[in-house]
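Heads up: the structure comes next, in structure tokens.
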Amino acid sequence: MPQAVNLPNSLTVFRIFLTPFLLGLIVYGKMKEAFWFFLIGSLSDALDGMMARLLGQKTDLGRFLDPAADKILLSTTLLTLAVLEKVPVWISIALVSRDLIIVFGFLVLRLVDTPIPINPTGLGKVATTLEMAYLFFVLSGLAGYAYVSETDYVGDLAVGLSLVSGGYYISQGFLWYQHYKA
């Protein structure tokens, strides 16, 4: 069994620690730097998963930490940009609410002694990737690097897919609970 302290998990923890600095850069209007911090955080997400698979270093800690790090990075960025009126508030609310509902459902199942496994789906991974792409495009435009005319479309698509994947996770939670308690 791989050790919990390994390179993939270290990259995940790095992404969590990067988030407050990203928040500060956005708040202080340092959008070029914020863009690069976000890009590094997003790339660390792709890299940690790939390394865990290639190096045979998948761990239970990593299965928990990786989606948590994603939610911390993405939710913090979305909420900060929404408060600063750089992204539509409704997009921020929709995407962050989905994550909060999933986390709340997971915690409720744990509280009622229903140990649900953490298994991100392909649909959830694509939704997270679209959310990252949306924020990448937004920050790219705010940094003055490039404005992507499809940014709003990607945001709408991220919301739609996040709602579908959120509904799927909720239904799976109910099914898991019914099966486990049967």
Quiz item: Are any of the pairs LYS30/LYS125; LYS71/LYS125; LYS30/LYS86; LYS32/LYS86 more than 19 Å apart by Cα-Cα distance, and if so, which?
Solution: LYS30/LYS125
Exercise. Can you check how the C-alpha radius of gyration of the chain compares to 2.2 N^0.38 Å, as a plain ratio?
Key: 1.06
Exercise. Work through the residues other than TYR134 whose Cβ is under 13 Å from its Cβ and net out their charges, Lys, Arg +1 and Asp, Glu -1.
Key: -3
Practice problem: Using only Cα atoms, tell me the angle between helix 122-142 and the longest principal axis of the chain; keep it within 0 to 90° and round to the nearest 10. | Solution: 20
Practice problem: Show that you can apply the helix-only estimate: for the chain, add -39,500 (n - 2.57) for every DSSP H stretch of four or more residues, divide by all residues, and state [θ] at 222 nm to the nearest 500. | Solution: -28000 deg cm²/dmol
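Could you give the length gained by full extension between VAL148 and LEU123, i.e. 0.36 nm per residue of separation minus their alpha carbon distance, to one decimal place?
The span from VAL148 to LEU123 would gain 6.6 nm if fully extended.
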Practice problem: Would you mind checking the tilt of helix 89-111 against the longest principal axis of the Cα atoms of the chain, expressed as 0 to 90 degrees and rounded to 10? | Solution: 20
Practice problem: Compute the acute angle (0 to 90°) between the alpha-carbon long axis of helix 31-54 and the principal axis of greatest extent of the alpha-carbon atoms of the chain; round to the nearest 10°. | Solution: 30
Quiz item: Where nothing but the Cβ of Lys and Arg (+1) and of Asp and Glu (-1) is charged, how large is the charge dipole of the range 88-152 around its Cα centre, in debye to the nearest 20?
Solution: 160
Quiz item: Picking from TYR169, TYR147, TYR28, which is most flexible by a Gaussian network model of the chain using Cα springs under 10 Å?
Solution: TYR28
Exercise. Starting from the Cα-Cα distance between MET50 and SER171, subtract it from 0.36 nm times their residue separation and give me the gain in nm to one decimal.
Key: 40.7 nm
Quiz item: By per-residue mean of other Cβ atoms within 10 Å, what is the highest-first order of 117-130, 61-74?
Solution: 61-74, 117-130
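Laboratory data are not the source of any read-out in this text; all were calculated from the coordinates shown. Just so it is clear, the structure is predicted and the values come from calculations on it, not from any experiment. Neighbour counts are summed over all protein chains in view; Cβ atoms, including those assigned to glycine, are modelled from backbone coordinates with ideal geometry.
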